[in-house]
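Chemist: Can you read through this structure? Questions will come right after.
The values are calculated or read from the model by the stated rules, or taken from the named source; none is laboratory data. Keep in mind that this is a model prediction, so the values were computed, not measured. Every residue, glycine as well, gets a Cβ built from its backbone with ideal geometry; the counts of neighbours run over all protein chains shown. Accessible surface areas use protein heavy atoms only, side chains included; no ligands, DNA or RNA. Shrake-Rupley method; radii C 1.70, N 1.55, O 1.52, S 1.80 Å.
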Amino acid sequence: MSINSFGRLFTVTTWGESHGPALGATVDGCPPGVPLTAEMLQHWLDLRKPGQNKYTTQRREPDAVEILSGVFEGQTTGTPIQLMIRNTDQRSKDYSDIMEKFRPGHADITYWQKYGIRDYRGGGRSSARETAARVAAGGVAREALKMLVPELEITGCMVQMGPHKIDRESWDWDQISQNPFWTPDAQAAEDWAAYLDELRKSGNSVGAVIEVVAKGAPAGLGAPVYGKIDTDIATAMMSINAVKGVEIGAGMAAAELTGEDNADEIFMGNDGKPVYSSNHAGGVLGGISTGQDLVCRFAVKPTSSILKPRQTITKSGQPAEIITKGRHDPCVGIRAVPVGEAMMACVILDHVLLHRGQIGENRGAIG
């Protein structure tokens, strides 16, 4: 299996399986002199780790990250940073019944068709457990961005669970950390709790839509035509386990708008910088950041591992019925929020380094 890396200058390679002894990430291209400790990264991993409430998988993993290289006396050295997270609560016996069967909606069948071998214990590399390594790498990116773009803030939230959307008129950033669903709408959190409780008890699952916003990203990040920052953001989000759709700014809704409505009008601000009447573009024009908020949304499918009986086939091609045992998220989108934030951080840092390497400071003056 190849292509386990992403990024151009700031590169991340993740490794490990859901039920192996450990998983982790090799991070290369981080500038030297960035303050970094395991405790800094642990903060972000604690937001993603399983078993924190009844709405997530009850697998109990501390997700304690270890830094094995690339840091000396609390600072990055500029050499590869090796991060490791040990698995401590595997229950591989939960998957013995599916050794010969393919779970519908899962990567079991495609991994088998491609490689002729698969790790049926939790899905191996196809498990969402792989995202812990991304969150650790995203923590490295965030610390580097604090030095390079100190005004940058990256915040993710859930804006839809199943068919139930938030009321954007009730958006409150402070609410995101006050409920288990990472939603800015307090009423939505209350409604979703009852909705997901019913689904969870019935052994079913549901999908979600996550929004990630990067405030304070500088203008000029990204390049035409194949180095667009929105292309890389979309690729990063689409690579997250269970993601089936990504949009930037107005996204699919832009198709419903007229050119008059969709174009974000431009004015000169009192600080001598351009300001925009709206942000349908999601902070990107021609693949280059405008200086507005970078806005991305991605759709996460329902967890495929459910207690409802489903029809499938075996490796020998025989019909079979399957019920997936074990501990699974009724809405995997809940824990996808910190993952989306991490991927946004990695992409932005990569583009900041690319921009500094080719351009340095922005060259086009206005006014």
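Chemist: Counting only Cα, what are the radius of gyration and maximum Cα-Cα distance Dmax of the stretch 193-249, in Å?
Modeler: Radius of gyration, then largest Cα-Cα span, for the stretch 193-249: 16.6, 49 Å.
Chemist: Going by a ≥ b ≥ c, the root eigenvalues of the Cα gyration tensor, does the stretch 65-199 fall in the rounded group (a/c under 1.5), the prolate group (a/b larger than b/c) or the oblate group?
Modeler: Working: a/c = 2.45, a/b = 1.05, b/c = 2.33.
Since a/c reaches 1.5 but b/c is at least a/b, the shape of the stretch 65-199 is classed as oblate.
Chemist: At a 10 angstrom cut-off on C-beta neighbours, averaged per residue, how do the peptides 260-269, 225-234, 23-32, 160-169 rank from highest to lowest?
Modeler: Top to bottom by mean Cβ count within 10 Å: 23-32, 225-234, 160-169, 260-269.
Chemist: Residues with beta-carbon under 13 Å from that of ALA208, excluding ALA208: net charge, scoring Lys, Arg +1 and Asp, Glu -1?
Modeler: Details: positive: LYS165, LYS244, ARG297, LYS301, ARG335; negative: GLU211, ASP329.
Cβ neighbours under 13 Å give a net charge of +3.
Chemist: D for the stretch 127-277, whole µm²/s, Stokes-Einstein with Kirkwood Rh over alpha-carbon pairs at 4 °C and 1.567 mPa s: what number? Mind showing how you got there, number by number?
Modeler: Working: Rh = 18.3 Å.
Answer, rounded: 71 µm²/s.
Chemist: Separate question: Which is farthest toward the positive dipole end of the chain among GLY216, THR324, ALA144, measuring Cα position about the Cα centre, with Cβ charges +1 (Lys, Arg) and -1 (Asp, Glu)?
Modeler: Checking the options against the dipole of the chain, the answer is THR324.
Chemist: Rounded to the nearest 20 Debye, what is the dipole magnitude of the chain about its Cα centre when Lys and Arg each give +1 and Asp and Glu each give -1 at the C-beta? Before the final figure, lay out each step's value.
Modeler: Details: 37 positive and 43 negative charges, 357 e Å.
Roughly 1720 debye, rounded to the nearest 20.
Chemist: Now a separate question. Let me check I've understood the local charge: for GLY33, count other residues with C-beta under 13 angstrom from its C-beta, Lys and Arg +1, Asp and Glu -1. What total comes out? Present the calculation step by step, with values, prior to reporting the outcome.
Modeler: Values: positive: LYS146; negative: GLU73, GLU143.
Charge balance near GLY33 sits at -1.
Chemist: Cross-link list LYS165/LYS301; LYS49/LYS244; LYS114/LYS228; LYS49/LYS146; LYS244/LYS273: which exceed 27 angstrom alpha carbon to alpha carbon? Can you show the working numbers first?
Modeler: Working: LYS165/LYS301 15 Å; LYS49/LYS244 22 Å; LYS114/LYS228 31 Å; LYS49/LYS146 24 Å; LYS244/LYS273 37 Å.
Pairs exceeding the cut-off: LYS114/LYS228; LYS244/LYS273.
Chemist: If you count, for each residue, the other Cβ atoms within 10 Å and average over each peptide, how do 248-257, 76-85, 63-72 line up from highest to lowest? Show your work: numbers first, answer last.
Modeler: Details: 248-257: 14.5, 76-85: 19.3, 63-72: 17.1.
Put in order of decreasing packing, that is 76-85, 63-72, 248-257.
Chemist: Only helical DSSP H runs with n ≥ 4 go in: add -39500 (n - 2.57) per run for the chain, normalise by residue count and round the 222 nm mean residue ellipticity to 500 deg cm²/dmol. It would help to have the intermediate numbers written out before the result.
Modeler: Working: 7 runs with 90 residues, N = 367.
-8000 deg cm²/dmol, from helical runs alone.
Chemist: For the stretch 273-305 and the stretch 108-133, write down the distance between their C-alpha centroids in whole Å.
Modeler: The stretch 273-305 and the stretch 108-133 have Cα centres spaced 31 Å from each other.
Chemist: How many Å² of accessible area per residue for the chain, probe 1.4 Å? Write down the numbers at each step before the final one.
Modeler: Working: 17450 Å² over 367 residues.
Each residue of the chain exposes 48 Å² on average to a 1.4 Å probe.
Chemist: Determine the dipole magnitude for the stretch 303-367: charges of +1 sit on the beta-carbon of Lys and Arg, -1 on that of Asp and Glu, nothing else is charged, the reference point is the Cα centre, and the result goes in debye to the nearest 20. Before the final figure, lay out the partial values.
Modeler: Working: 8 positive and 5 negative charges, 68 e Å.
Value, rounded to 20: 320 debye.
Chemist: For Cα pairs less than 8 Å apart in space and 6+ apart in sequence, what is the mean separation divided by the residue count of the chain, i.e. the relative contact order in percent? Write down the numbers at each step before the final one.
Modeler: Numbers: 779 pairs, mean separation 79.6, N = 367.
RCO, the chain: 22 percent.
Chemist: Can you give the local net charge around ARG8? Use residues other than it whose beta-carbon is closer than 14 angstrom to its beta-carbon, Lys and Arg +1, Asp and Glu -1. Please list the in-between numbers first.
Modeler: Values: positive: LYS228, ARG356; negative: ASP28, ASP232, ASP350.
Once positives and negatives cancel, what remains is -1.
Chemist: Round to a whole number: what % of the accessible area of the stretch 76-183 belongs to carbon and sulfur, probe 1.4 Å?
Modeler: Working: 2460 of 5070 Å².
Exposed carbon and sulfur together represent 49 percent of the surface.
Chemist: Another one. Run the accessible area of the stretch 187-323 with a 1.4 Å probe and give the carbon-and-sulfur part as a rounded percent.
Modeler: On the way: 3810 of 6990 Å².
The C+S portion of the solvent-accessible surface of the stretch 187-323 is 54 percent.
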